[in-house]
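**Q** Below is one structure. I have some questions about it.
The values are calculated or read from the model by the stated rules, or taken from the named source; none is laboratory data. All values derive from a computational prediction rather than experimental measurement. Virtual Cβ from ideal backbone geometry, glycine too; neighbours counted across all protein chains shown.
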Amino acid sequence: MSRIIMGPFNRVEGDLEVKLDIEAGAVAKAHVVSPLYRGFERMMIGKRPADALVFTPRICGICSVSQSVAAAKALADAQGATPPPNGQLAINLVHATENVADHLTHFYLFFMPDFARPTYAAEPWSASTVERFAALKGEAAREVLPARAQLMHLMGLLAGKWPHTLSIQPGGSTRAVVNSELARISGILAGFLRFLEKTLFGDKLERVAALKSADELGAWAAEKPADSSDFRRFLALSDALRLTQLGRVNAPLLSFGAYEDEDGVRFARGVFDQGAVREVDAAAIAEDTSHVWDLGGGALPPFEGRTQPDPEQKSGYTWCKAPRLGGRVAETGAVARQAVDGHPLVRDLLTDGATNVHSRVVARLLEIARVTIAMEGWARRINPKEPFRTHGQPPKEALGMGLTEAARGALGHWIKIERGKIANYQIIAPTTWNFSPRDADGQPGALEQALVGAPVRAGETEPVAAQHVVRSFDPCVVCTVH
Amino acid sequence: MKTKTDPGRSGRLSLLWLQSGGCGGCTLSLLGAEGPDLLTTFEAAGIDVLWHPSLSEASGGETLELLRRLREGEETLDILCLEGSVMRGPNGTGRFHMMSGSDEPMMSWLDALARRANYVVAVGSCAAFGGITAGGSNEVEACGLAYDGRDAGGLLGADFRAASGLPVINIAGCPIHPDWFTEALLQIAAGRLNRDDLDEWERPLAYTMHLVHHGCSRNEFYEFKASAEKLCDQGCMMENLGCKGTQARADCNIRPWNGHGSCIEGGYPCINCTAPKFEEPGHVFTETPKISGIPIGLPTDMPKAWFVALAALSKSATPARLKDNATTAQLKTPPTDRLKRR
């Protein structure tokens, strides 16, 4: 048995170290280390609740709006506020812009460059993959950055700027757009849609969104050559490297649900487990600190949660706590969101109920199509003559819970207000679920499970398969520990 | 091996980007750069990106070996960029951020690498001053490269000069506007960024020559003290909503964000995020502290008595149009033309 320490692990958001024990040419055991602690939960104690809207987006530059949405929902819960329809639609558009941009950034800049590595130089698909996806040099990044920047103009119009907006408030949005701006928003969306259909998918968004099974996806891919679109390129690589067999996790899939509008929640809230969806029991969430550099105190529910950093804890190996749902590990992300929402393709891609590298990536790209279609609808439904915001103040004593979805999965904020000030603030981010350490029962976190069995190619010191597995989660490690 | 003062390999400059106690938001903001975009900027500036945590292929051992060579001076480091605060805690050990794979605190790496670099650039208010990570009672002992809040020093010391002779260049902001960085980088590459291009906090004057107030679309409301009362109102946010645009140094309302925006255009106040200690203003960010009805924070360079006198005068002359529009979420009363009624 030998040990490999992978770090600094880049093309993830934030700093990460992965320790792998190797046996017989494959990973036998993994430990995931989040090495940076900043202390957001503690710095907010004693501040007025409204200040959470300034601090929490700054936990993360890539999920900034998702953090704003979770904080605003926690405050809205505390004060009993509900945004008017326009406010909700505007927030959905801002939130969706971030999530779609994050999916694009992940696919093009973080995930695909690994297939351009020299370790694959002998593969027949290597040269074209290098040309298209090589880090900093590939032609795809040069196409996606301008398209992404144009999409982000929606942030300029609807949120002032990105990242770190203050436009998302418990009662709605501070930015009331007018008719001419709505016209511009639809124009920007049309331009973005053209990029997606031409470059990413090579087909209509509606057709991609309507794919129902792995067989249909395969037949769709076979309609055109692999180099006709980036999605088909990925599918061909995935086939060649059997990514359906890599990074498997068989755990409940958790989604807090995303994008509320007058029709309800666009992507349903729930837990997909053993082929069926059940409700999220938020009271069953607790954070275990047995393997964390933290003074601990058992597995506490977030309203009672404490963050007490202590790098001397001998049993600790990370700053990331271990959230558990009814004592069990859960996986979260686009694959969970789409499985919970009942999308037939994603359900079919779970192999014997397990997620894998292939299904995580396909779910993300499928979601780009689904969300962009939804965005066009939200923009059409905004009525500029109606209000975008209601007004109110948080009460002196209250509890508030804000659950939403970042691009990379379920995000929750829990605030306790006493004497008009923040008495406790706890955050559980998506990658806290996915990259959690072992708990008191010794259960490894989702990534720690996914890495087991990842092959090590001859001569590899940084196994590329393990890199595919880690990046398939689209981790955000700055959110993880916060 | 070339010496530290070389302009760079065959006119090219090497750049290393590290992240510590921050959110990565400045990099994400930079990915939205337009005219030129980030990759074109690197190309135009002749930059070889040795390593960037979000953009480079290399990971793990390969990266550590590169960092070791740079630290030992075996390879030239022209530009070192840090995004995020320096994490000194707990108790000065730096253990709140160990560089992964290395068993050494990130602050030790930063200290050694900065002393090898021709230019050291602090990207964002965290790397410049400590920023949001130094919020609350700063239990994590976060600081900037050359400042700890407003105090000179930080990690590298008040007297630190990079091999080029320049102090740490502080591109402060939370996050930075992408152009603030791309323009500074192109200037560095052209050998045209000098000490007199920097302000008293070593921020590029290219953007801190201005106040956020400059070009603010709510200037007329400010002139007549027609104030917003709640977030999303169209009036001036200085009197009630904590807006620091008349004191904050940046060109946010001259140079739009994401093509169209700024904080104020987004319907919320400027929180002066380019300034040291912006994270602890001593009041709720979205409320203006006042003494007997007069805001404490007055516009930069303005004598208080004048401000009070002018405010009283202009309030008495506020046009009805501005009064109407100041407390609505969308402008509803257009200016009138004396020659033709609507």
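**Q** Looking at the range A:431-444, can you tell me whether even one residue there is without any contact (Cβ under 8 Å) to a residue 40 or more places away in the chain and among the charged types (D, E, K, R)?
**A** Within the range A:431-444, not a single residue is without any contact (Cβ under 8 Å) to a residue 40 or more places away in the chain and among the charged types (D, E, K, R).
**Q** Residue under question is A:Ala96, and the condition is that it be in contact with a strand residue (DSSP E or B) (Cβ under 9 Å, 6 or more places away or on another chain), more than 7 Å from every other protein chain (Cβ to nearest Cβ) and either buried (at least 19 other Cβ atoms within 10 Å of the Cβ) or at pLDDT below 95 (or both); does it hold?
**A** yes
**Q** A follow-up question, please. Quick one: in the range A:128-143, of everything that is free of Cβ contacts under 8 Å to residues at least 12 places away in the same chain and facing chain B (nearest Cβ under 7 Å), which residue is nearest to B:Ile264 (Cα to Cα)?
**A** A:Arg142
**Q** Across the range A:429-453, what is the total count of residues that are surrounded by fewer than 24 Cβ atoms within 10 Å (Cβ to Cβ) and outside any helix (DSSP H, G or I)?
**A** 8
**Q** Restricting to the range A:263-295, and then to whatever is part of a loop (DSSP other than H, G, I, E, B) and either under 26 Å from A:Leu36 (Cβ atoms) or aromatic (Phe, Trp, Tyr) (or both), can you tell me which residue is nearest to the other protein chains (Cβ to nearest Cβ)?
**A** A:Trp293
**Q** Then there's this: Of the residues that make up the range A:67-89, is at least one within 14 Å of chain B (Cβ to nearest Cβ), in a helix (DSSP H, G or I) and touching a His at 6+ places or on another chain (Cβ under 7 Å)?
**A** Yes.
**Q** Here's a follow-up. Within the range A:350-386, how many residues turn out to be assigned to a helix (DSSP H, G or I) and touching a helix residue (DSSP H, G or I) at 6+ places or on another chain (Cβ under 8 Å)?
**A** The qualifying residues number 24.
**Q** In the list B:Ala152, B:Ala158, B:Ala146, which residue meets the criterion of being of a type in the set (A, V, I, L, M, F, W, C), out of contact with any strand residue (DSSP E or B) (no Cβ under 8 Å at 6 or more places or on another chain) and either at positive phi or modelled with pLDDT of 95 or more (or both)?
**A** Going through B:Ala152, B:Ala158, B:Ala146 in turn, just one is of a type in the set (A, V, I, L, M, F, W, C), out of contact with any strand residue (DSSP E or B) (no Cβ under 8 Å at 6 or more places or on another chain) and either at positive phi or modelled with pLDDT of 95 or more (or both): B:Ala152.
**Q** Quick test for you: out of A:Lys416, A:Lys396, A:Lys314, A:Lys421, pick the one residue that is over 30 Å from A:Gly275 (Cα atoms) and modelled with pLDDT under 95.
**A** Within the list A:Lys416, A:Lys396, A:Lys314, A:Lys421, the selection yields A:Lys314.
**Q** Hey, any hits in the range A:414-421 for a residue that's within 14 Å of another protein chain (Cβ to nearest Cβ), touching a helix residue (DSSP H, G or I) at 6+ places or on another chain (Cβ under 6 Å) and in a strand (DSSP E or B)?
**A** Yes; the residues of the range A:414-421 include at least one that is within 14 Å of another protein chain (Cβ to nearest Cβ), touching a helix residue (DSSP H, G or I) at 6+ places or on another chain (Cβ under 6 Å) and in a strand (DSSP E or B).
**Q** Right, here's the next one. If you go through the range A:296-305 one residue at a time, do you hit one that is of a type outside the set (D, E, K, R), in contact with a Leu (Cβ under 8 Å, 6 or more places away or on another chain) and within 14 Å of chain B (Cβ to nearest Cβ)?
**A** no
**Q** Answer yes or no: is there a residue in the range A:144-156 that is within 18 Å of A:Tyr108 (Cα to Cα), hydrophobic (A, V, I, L, M, F, W, C), more than 10 Å from chain B (Cβ to nearest Cβ) and under 22 Å from the mean Cα position of the chain (by Cα).
**A** Within the range A:144-156, one or more residues are within 18 Å of A:Tyr108 (Cα to Cα), hydrophobic (A, V, I, L, M, F, W, C), more than 10 Å from chain B (Cβ to nearest Cβ) and under 22 Å from the mean Cα position of the chain (by Cα).
**Q** Which helices (runs of 4 or more DSSP H) sit wholly inside the range B:1-108 and have at least 2 residues that are more than 12 Å from chain A (Cβ to nearest Cβ) and either closer than 30 Å to A:Met152 by Cα or of a type outside the set (Val, Ile, Thr) (or both)?
**A** Counting at least 2 such residues, we get B:38-45, B:60-71.
**Q** Go through the range A:1-56 and tell me which strands (runs of 3 or more DSSP E), entirely inside it, have 1 or more residues that are in contact with a helix residue (DSSP H, G or I) (Cβ under 9 Å, 6 or more places away or on another chain) and at the interface with chain B (Cβ under 9 Å from one of its Cβ atoms).
**A** Per the criteria, A:2-6, A:17-23.
**Q** A follow-up question, please. Regarding A:Val177, is this residue outside any helix (DSSP H, G or I) and either away from chain B (no Cβ under 14 Å) or at pLDDT 95 or above (or both)?
**A** Criteria met by A:Val177.
**Q** For the range A:203-226, check the following and say yes or no: at least one residue is of a type outside the set (A, V, I, L, M), in contact with a Ser or Thr (Cβ under 6 Å, 6 or more places away or on another chain) and either assigned to a helix (DSSP H, G or I) or modelled with pLDDT under 95 (or both).
**A** no
**Q** Could you run through the range B:289-316 and say how many residues are within 31 Å of the chain's Cα centre (by Cα) and in a helix (DSSP H, G or I)?
**A** Final tally of qualifying residues: 5.
**Q** Output the residues belonging to the range B:112-135 that are outside any loop (DSSP other than H, G, I, E, B) and over 25 Å from A:Asp310 (Cβ atoms).
**A** Hits for the range B:112-135 are B:Ala112, B:Leu113, B:Ala114, B:Tyr119, B:Val120, B:Val121, B:Ala122, B:Val123, B:Ser125, B:Ala127, B:Ala128, B:Phe129.
**Q** Then there is this: Could you count how many residues in the range B:277-306 are more than 16 Å from B:Tyr222 (Cα to Cα), within 14 Å of chain A (Cβ to nearest Cβ), surrounded by 13 or more Cβ atoms within 10 Å (Cβ to Cβ) and not aromatic (Phe, Trp, Tyr)?
**A** Residues flagged as more than 16 Å from B:Tyr222 (Cα to Cα), within 14 Å of chain A (Cβ to nearest Cβ), surrounded by 13 or more Cβ atoms within 10 Å (Cβ to Cβ) and not aromatic (Phe, Trp, Tyr) within the range B:277-306 amount to 8.
**Q** Applying the selection to the range A:133-146, what residues are surrounded by fewer than 20 Cβ atoms within 10 Å (Cβ to Cβ) and assigned to a helix (DSSP H, G or I)?
**A** Once the filter is applied, which keeps residues that are surrounded by fewer than 20 Cβ atoms within 10 Å (Cβ to Cβ) and assigned to a helix (DSSP H, G or I), the range A:133-146 yields A:Glu139, A:Arg142, A:Glu143, A:Pro146.
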